[in-house]
Amino acid sequence: MRTVRAPATSANLGSGYDTFGVALSRPADVVSVERADRTTIEVTGAGAQFIPEDPEKNTVGAVARALDAPAHIKIDKGVRPASGLGSSAASAAGAALALNDLYDRGLSREELVPIAAEGEAVVSGAAHADNVAPALLGGFTIATADGVRSIETNVPLVACLPEEPISTRDAREVVPTHVSIEELVATVGNAATLSVGMCRSDPELVGAGMADEVVTPHRAALITGYDAAADAAREAGAHGVTVSGSGPGVLAVCPPDRRRAVAAAMVEAFADNGENARAYRTWTGGGAELV
Ligand SMILES: Nc1ncnc2c1ncn2[C@@H]1O[C@H](COP(=O)(O)OP(=O)(O)OP(=O)(O)O)[C@@H](O)[C@H]1O
Ligand SMILES: N[C@@H](CCO)C(=O)O
């Protein structure tokens, strides 16, 4: 048997749609695998009742198939599904690392990224790697058609999750298909600023580079209370706020000693808008680990 702790992740970070991602130090899924003749899946934990155990519909089933590694797979969910914290990716990354080890496949973490991304195609219709890359490699990752680049970074974060779920599949439908040259120029500037901020572990630069007028406003419009929560986070000291992944989670970057105030401000703003929300005070963190 092999057991892996696989972290929550936040994709896009505003200016890096389908490209940027970070691993979070908490929450995480725990995935255990045992050799079997055919793949079976058992899910417990946060939101387990919304997650299919059919290998054709669960992200870990696609990973087991891609690695030709049938197994009994137990998933203890710490990352709530459809919340914007890479729940489906955490399980896929955990299963990829665990099955690679169990079956001695010898693949590197970088080589496991496209395999774990096949799980994402099962749930969202697109094999986007911007959650599975940080879930496997940790830190800040840039996933492109050419492969994945990653760096270690140390940035304080708050992730606030309203209860009402939004599926990635639905949230992809509202993304515009074209941008103007002005929007492209602004996006390049913001994305470059964010990358420098991650390299320097500088929350202020990361916050400035999270700005985005192309994708984020369309996703924010799907989240009840988003504007109030973002304003409240900034008033409480956040340097930048954006939609986490495809939402409804909201990600704020702030000085380390403002995380408590930012978390409380966002939860209160959502409550004022009739939404129950839970906030995690967290940091950028490492990738999946065998435990
Ligand atoms: N192992 C799994 N863990 C979580 N969700 C899964 C898993 N396998 C399949 N799913 C399905 O995937 C959907 C959740 O994935 P989705 O991509 O919408 O959200 P997310 O992974 O939490 O967030 P995001 O990708 O926006 O950060 C749910 O419909 C859930 O049933
Ligand atoms: N890049 C993906 C991430 C989903 O978590 C999206 O925004 O649809």
Item to check | Complete set of residues in region 63-84 that are within 16 Å of ligand 2 (Cβ to nearest atom), on the phi < 0 side of the Ramachandran plot and surrounded by 24 or more Cβ atoms within 10 Å (Cβ to Cβ) | outcome: VAL79, SER83
Checklist entry - Counting residues that are in contact with a Leu (Cβ under 9 Å, 6 or more places away or on another chain), which helices (runs of 4 or more DSSP H) fully inside region 212-291 reach at least 1? => result 259-272
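Could you check region 45-59 and list, in sequence order, the residues that are of a type in the set (Val, Ile, Thr) and either assigned to a loop (DSSP other than H, G, I, E, B) or exposed (fewer than 13 other Cβ atoms within 10 Å of the Cβ) (or both)?
Matches in region 45-59: ILE51 only.
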Checklist entry - Do you know which of the residues in region 133-157 that are out of contact with any strand residue (DSSP E or B) (no Cβ under 7 Å at 6 or more places or on another chain) and under 15 Å from GLY286 (Cβ atoms) is least open to solvent (accessible area, probe 1.4 Å)? => result LEU136
Checklist entry - Do we have any residue at all in region 180-199 that's crowded, with 24+ Cβ neighbours inside 10 Å and within 16 Å of ligand 1 (Cβ to nearest atom)? => result no
Checklist entry - Identify, please: which residue in region 13-44 is out of contact with any helix residue (DSSP H, G or I) (no Cβ under 9 Å at 6 or more places or on another chain) and buried (at least 16 other Cβ atoms within 10 Å of the Cβ) and is, among those, modelled with the highest pLDDT? => result THR40
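Scan region 161-175 and tell me whether some residue there is more than 15 Å from ligand 2 (Cβ to nearest atom) and crowded, with 24+ Cβ neighbours inside 10 Å.
Filtering region 161-175 for residues more than 15 Å from ligand 2 (Cβ to nearest atom) gives 162-164.
Okay, now just the ones that are also crowded, with 24+ Cβ neighbours inside 10 Å, so 162.
There is at least one residue in region 161-175 that is more than 15 Å from ligand 2 (Cβ to nearest atom) and crowded, with 24+ Cβ neighbours inside 10 Å.
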Item to check | Selected residue [over 25 Å from SER201 (Cα atoms) and either without any contact (Cβ under 8 Å) to a residue 40 or more places away in the chain or assigned to a helix (DSSP H, G or I) (or both)] from ALA186, ALA133, ALA171, ALA126 | outcome: ALA171
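The values are calculated or read from the model by the stated rules, or taken from the named source; none is laboratory data. No experiment lies behind these values; they were computed from the predicted model shown. Reconstructed Cβ throughout: ideal geometry from the backbone, glycine too, with neighbour counts over all protein chains shown. Just so you know, the surface numbers come from the protein's heavy atoms only, side chains and all, with ligands and any DNA or RNA stripped out. Shrake-Rupley method; radii C 1.70, N 1.55, O 1.52, S 1.80 Å.
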